[in-house]
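Below is one structure, written out as structure tokens, with a few remarks after it.
Read-outs throughout are calculated quantities, based only on the coordinates presented, and are distinct from any laboratory measurement. Predicted model only: the values in this text are computed from it and were never measured. Please note: Cβ atoms are built from the backbone with ideal geometry, for glycine as well, and neighbour counts cover all protein chains shown.
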Amino acid sequence: MRHQKKTVKLGRSASHRDALLANQVCSLIEHKRIKTTLAKAKAVRPLAEKMVTLGKRGDLHARRTAAGYLGQKDAVKKLFAEIAPAAASRKGGYTRIIKLGQRLSDSAPMAFIEWVDTASAPDVEDTTVTPAAETPAS
């Protein structure tokens, strides 16, 4: 039984897993939306939300704690300057996971993980159909 066993191993050693999750959180901060496997997205979510909570605190100790975990100064700056202020009115639930289906190569379930408040609309082209009367005659 797996009672009170919270850590998802992801088939990696502890140091490899910590580095992977820190890099995923940094990518999420930088790009605001990342595509990854569903298991990794579920493992990244609590860590990303803890980083936003640190960003909302905003003091020096919170900044150093986030920098110690993430290891990338640019990501910490962006977290404290952009992501955390956008989530200031929220009490939790800063990320969302959108399931995408299976990857073609190995059928791994894929998902997007993105920020709720700062997520930009997906890059979708305008597919508005113009009426036939407005199209130029040839």
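For the chain, what is the calculated [θ] at 222 nm in deg cm²/dmol (nearest 500), taking -39500 (n - 2.57) for each run of four or more DSSP H residues and dividing by its residue count?
Mean residue ellipticity, 222 nm, calculated: -13000 deg cm²/dmol.
Calculate, axis by axis, the spread of Cα positions in region 1-46 along the three principal axes, and write the results as whole Å, longest axis first.
38, 19, 15
Please compute the alpha carbon radius of gyration of region 27-69, then divide it by the globular-protein estimate 2.2 N^0.38 Å. Two decimals is fine.
Details: Rg = 11.5 Å, N = 43, 2.2 N^0.38 = 9.2 Å.
For region 27-69, the normalised Cα radius of gyration is 1.25.
Once amide H atoms are built 1.01 Å from N in the peptide plane, which residues 5 or more positions from residue 95, or in another chain, come under 5 Å H to H?
116
When Lys and Arg each count +1 and Asp and Glu each count -1, what net charge do the other residues less than 15 Å away from residue 19, Cβ to Cβ, add up to?
Residues close to residue 19 contribute a combined charge of +3.
Once you list every other residue whose beta carbon is under 12 Å from the beta carbon of residue 115, what net charge do they have if Lys and Arg are +1 and Asp and Glu are -1?
+1
Do me a favour and compute the ellipsoid semi-axes for region 14-120 from its Cα gyration tensor, root of five times each eigenvalue, largest one first, whole Å.
For region 14-120, the ellipsoid semi-axes come out as 24, 16, 10 Å.
Work out how far the C-alpha atoms of region 46-95 reach from end to end along every principal axis, then list the three figures in whole Å, largest first.
Projected onto its principal axes, the Cα set of region 46-95 covers 25, 19, 17 Å.
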